[in-house]
Amino acid sequence: LDFSLPSVLCLGDCQLQTPCRIQKCTTDFVSLTSHLNSALEGFDLEFCKALRAYSACTYRNSKVCRGNLVYHSAVLGISDLMSQRNCSKDGPTSSTNPEVTHDPCNYSGHTEAREHQGGEKTHPTTYLFCGLFGDPHLRTFKDHFQTCKVEGAWPLIDNNYLSVQVTNVPVVPGSSATATNKITIIFKSYQDCTDQKVYQAVTDDLPAAFVDGTTSGGDGNTKSLRIVEKVSGKYVEMHAKYIGTTVYIRQLGHYLTLAIRMPQELVMAYEESQDLQLCVNGCPSTERIDDSGHLPLPVMGQLLPQGGAAHPWSVYTLETATTKCHEKMLVKDIYFYSCVFDLLTTGDANFTAAAHSALQDVEALHPRKEHWHIFPSNGGGGVGKGSKFFVGLGLVCLILLVFL
């Protein structure tokens, strides 16, 4: 009866009535505020402007929506929010065109802006992950896993927005294994979002600032680029909001680790001359230690007597290295086997923490949970062609365990 009575009263003129557009008011308010960050300066100002725009929209619809419960709930909600945020009823309002409010230095808002302007849906942003740790183990943007020599300075990333270079030094005499003791990152100048910023970390000097002494780039309010120190001298994060990129750098023992997440379209924005990027194309074949499965493992070619160490300087046997790594990592994936290899190669227990934190960084930054773990067998799924050495390493471990 409630729905039919108005139709009777309209006597055929209902099509001339203006529909209640409270849903449009609410949608516009959400668009105006979805990109705002309450932790940043200027939040209250922008939020109040959006609230006043919301209030004005409800006022324009007050007559046609007077019997609509959603409308009355919205009016009460606006009043409550204005009180909570100490917003005055009079003052500037936000534009109801959502694309005007999108921060050009916020990469996550670009897709929404393009959708609004073009009137069609775009594909969600695809993010890629790359990591480097140990002596050194590389996980590329394609989720291929490799172990490389790459002694000296090598580019991990070199595109139109970002350059990352690492320097690796030998870990122990008589071994081709190296580890990272220096990382240089260049955030390239981008529109009005940031000037060029250079960051450099070396062993025992992991600063919480760029080379010029600043801790952020861009406008002081938006901070489109910033450094966050998580553990003094041991762990920093860099958040480049304007290119949707996050970088983690850690020092564990005497060496550095790096993990990065970046949008695919920016990863691939480079010239032909910039094709030497370890994160994009992996290590050159001449620099690969794993060599498609034939890794010169310290125990390769000999069966150690029980209690025998892999090298004179190593205090670990296969059994004790396996036990040590299992304390930190319960899942026997490539990070676990990297840990075993590093302990047998170097005897340095800090490499256990490096492998463990590298996996934690994957879980924090890699966009696809089903790809976090890569297992040393074809049956494990997700194994890149650069991961074959771990199949060999796993087999060696199994054979040795039988004889031990």
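Computed from backbone phi with θ = phi - 60° and the Karplus coefficients 6.51, -1.76 and 1.60, the 3J(HN,Hα) list for the stretch 126-141 is 9, 9, 10, 10, 9, x, 9, 7, x, 10, x, 9, 10, 10, 7, 4 Hz; x is used for glycine and proline. Of the trypsin sites (Lys or Arg not before Pro) found in the stretch 182-253, the ones in coil according to DSSP and having at most 16 other Cβ atoms within 10 Å of their Cβ are LYS188, LYS234.
Ranking SER62, MET82, THR27 by how far each Cα lies toward the positive end of the dipole of the stretch 21-85 (charges on Cβ) leaves SER62 at the top.
In a Debye calculation with equal point scatterers on the alpha-carbon sites of the stretch 21-85 and no solvent, what is log10 I(q)/I(0) at q = 0.21, 0.22 Å⁻¹? After summing over all Cα pairs, the log10 values are -0.82, -0.88. Extension gain for GLN23 to SER108 (0.36 nm times residue separation, less C-alpha to C-alpha distance): 28.1 nm.
Keeping all protein chains in place, calculate the accessible area per residue for the stretch 21-85 (probe 1.4 angstrom), answer in Å². Please report the intermediate quantities before stating the final value.
Working: 3870 Å² over 65 residues.
Each residue of the stretch 21-85 exposes 60 Å² on average to a 1.4 Å probe.
Just to verify a number: FRET efficiency for LEU330 and ALA56, C-beta to C-beta distance, R0 = 41 Å, to 0.05? For LEU330 and ALA56, the calculated efficiency is 0.10.
The portion of the accessible surface of the stretch 222-265 made up by carbon and sulfur, rounded to a whole percent, is 43 (1.4 Å probe; DNA, RNA and ligands excluded). Computed 3J(HN,Hα) for the stretch 153-158, one whole-Hz value per residue from the Karplus formula 6.51 cos²θ - 1.76 cosθ + 1.60 where θ = phi - 60°, is 8, 9, x, 7, 9, 7, glycine and proline marked x. Roll a 1.4 angstrom probe over the protein heavy atoms and tell me the percent of accessible area of the stretch 21-85 that is carbon or sulfur. For the stretch 21-85, the apolar C and S fraction of the accessible surface comes to 54 percent. Please give me, ordered by residue number, the GluC sites (Glu not before Pro) of the stretch 173-275 that lie in loop per DSSP and have at most 16 other Cβ atoms within 10 Å. Sparse-neighbourhood loop GluC sites (Glu not before Pro): GLU271.
The values are calculated or read from the model by the stated rules, or taken from the named source; none is laboratory data. Here the structure is a predicted model, which means the values were calculated and not measured. No Cβ is skipped: glycine too gets one built from the backbone with ideal geometry, and neighbour counts run over all protein chains shown. To get the accessible areas, we keep the full protein, side chains included, count just its heavy atoms, and leave off ligands, DNA and RNA. Shrake-Rupley method; radii C 1.70, N 1.55, O 1.52, S 1.80 Å.
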